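I have placed the structure first, in the form of structure tokens, so that the comments after it can refer back to it.
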Amino acid sequence: MYKLLIIEDDSGIANAIKVQAEMWDFQVHIVEQFRDVLNDFTEFQPHIVLLDIVLPYFNGYHWCTEIRKISNVPIIFISSASDNMNIVMAMNMGADDFISKPFNQSVLMAKVQALLRRTYDFASSVPVLEHRGAFLNTGDNTLTYEGEKIPLTKNEYRILLCLLENKGKVVSREKLMERLWETDLFVDENTLTVNVNRLRKKLDNAGLKSFIVTKFGIGYIIENKI
């Protein structure tokens with residue numbers, strides 16, 4: 001089931017799209033808090049985004065730019081501001097398509113379906129895991145914080161991925177070593193300790209202090225609290 005995120009402040013339009021999309025078996029989420037759209041994006045992890053230009057607090061161009069910093073998810077602008085300048089600006093900001101209001105719901109869904117086929121027939125979904133404003137992109141194995149990419153080794157990425165997938169839970173050293181062993185050479189306890197310490201140093205230097213917490217004698221945890 002594809003997940004569709006609607007970033008549209010006109011509730012009538014947003015709900016009409018939702019009803020139509022659910023008829024096509026989409027899972028749909030409508031953004032309601034426009035101060036922090038990125039929070040909805042990272043929690044919902046959509047396969048495609050419908051984005052208006054004129055929004056409260058920050059416009060659609062701003063949120064398109066923020067999403068593009070962490071994801072290549074398809075974005076379609078839907079707007080009544082359909083002059084050439086806005087269309088060109090939307091595409092330059094990283095949008096994949098632009099649909100002018102008012103639009104036919106069936107035409108909109110046809111465009112959504114076509115873009116999904118082009119995107120996911122040839123590439124898998126690229127979910128993004130987020131904590132404390134740091135974004136781990138599982139498509140290109142990169143960590144981004146405050147617009148800066150933090151380079152990770154293969155093992156550092158796998159450790160961080162495992163901890164973020166289990167955020168709020170203690171992950172044992174044994175489980176981490178099994179996770180690394182699945183896709184790489186044998187990893188012993190000393191190697192795990194070295195990798196965790198190097199990862200922590202990178203996170204500390206980037207301003208993410210105490211991102212990974214040690215539970216002595218048990219393992220490690222990324223805590224839900226900030």
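Observations
- Test result for Gln105, modelled with pLDDT of 85 or more, surrounded by fewer than 16 Cβ atoms within 10 Å (Cβ to Cβ) and under 15 Å from His47 (Cα atoms): no
- Restricting attention to segment 20-72, the residues that are under 21 Å from Gly133 (Cβ atoms), polar (S, T, N, Q) and in contact with a strand residue (DSSP E or B) (Cβ under 7 Å, 6 or more places away or on another chain) total 3.
- Test: residue in segment 57-64 that is without any contact (Cβ under 8 Å) to a residue 60 or more places away in the chain, in a helix (DSSP H, G or I) and touching an Asp or Glu at 6+ places or on another chain (Cβ under 6 Å): yes
- Flag for Lys111 being assigned by TED's automatic domain parsing to the domain that holds Glu66, of a type outside the set (A, V, I, L, M, F, W, C), surrounded by 12 or more Cβ atoms within 10 Å (Cβ to Cβ) and modelled with pLDDT under 85: no
- When segment 188-211 is filtered for residues that are closer than 14 Å to Ser172 by Cβ and surrounded by 12 or more Cβ atoms within 10 Å (Cβ to Cβ), the ones remaining, listed by number, are Leu192, Val196.
- Answer residue from segment 12-38, given it is of a type in the set (S, T, N, Q) and in contact (Cβ under 8 Å) with a residue 12 or more places away in the chain and is surrounded by the most Cβ atoms within 10 Å (Cβ to Cβ) among those: Gln20
Yes/no matrix, rows are residues, columns are (1) over 20 Å from Ile150 (Cα atoms); (2) part of a helix (DSSP H, G or I); (3) touching an Asp or Glu at 6+ places or on another chain (Cβ under 7 Å); (4) modelled with pLDDT of 90 or more:
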{"site": "Glu174", "(1), (2), (3), (4)": "yes, yes, no, no"}
{"site": "Thr191", "(1), (2), (3), (4)": "yes, yes, no, no"}
{"site": "Arg198", "(1), (2), (3), (4)": "no, yes, yes, yes"}
{"site": "Leu203", "(1), (2), (3), (4)": "no, yes, no, yes"}
{"site": "Leu208", "(1), (2), (3), (4)": "no, no, no, yes"}
{"site": "Thr214", "(1), (2), (3), (4)": "yes, no, no, yes"}
{"site": "Gly217", "(1), (2), (3), (4)": "yes, no, no, no"}
{"site": "Asn224", "(1), (2), (3), (4)": "yes, no, no, no"}
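- Residue tally, condition part of a helix (DSSP H, G or I) and either outside the structural domain of Ser80 (by TED's automatic domain parsing) or in contact with a helix residue (DSSP H, G or I) (Cβ under 7 Å, 6 or more places away or on another chain) (or both), over segment 22-39: 2
The values are calculated or read from the model by the stated rules, or taken from the named source; none is laboratory data. The structure presented is a predicted model; accordingly, all values stated were derived computationally and were not measured. In this analysis, Cβ positions are derived from the backbone assuming ideal geometry, glycine residues included, and neighbour counts consider all displayed protein chains.
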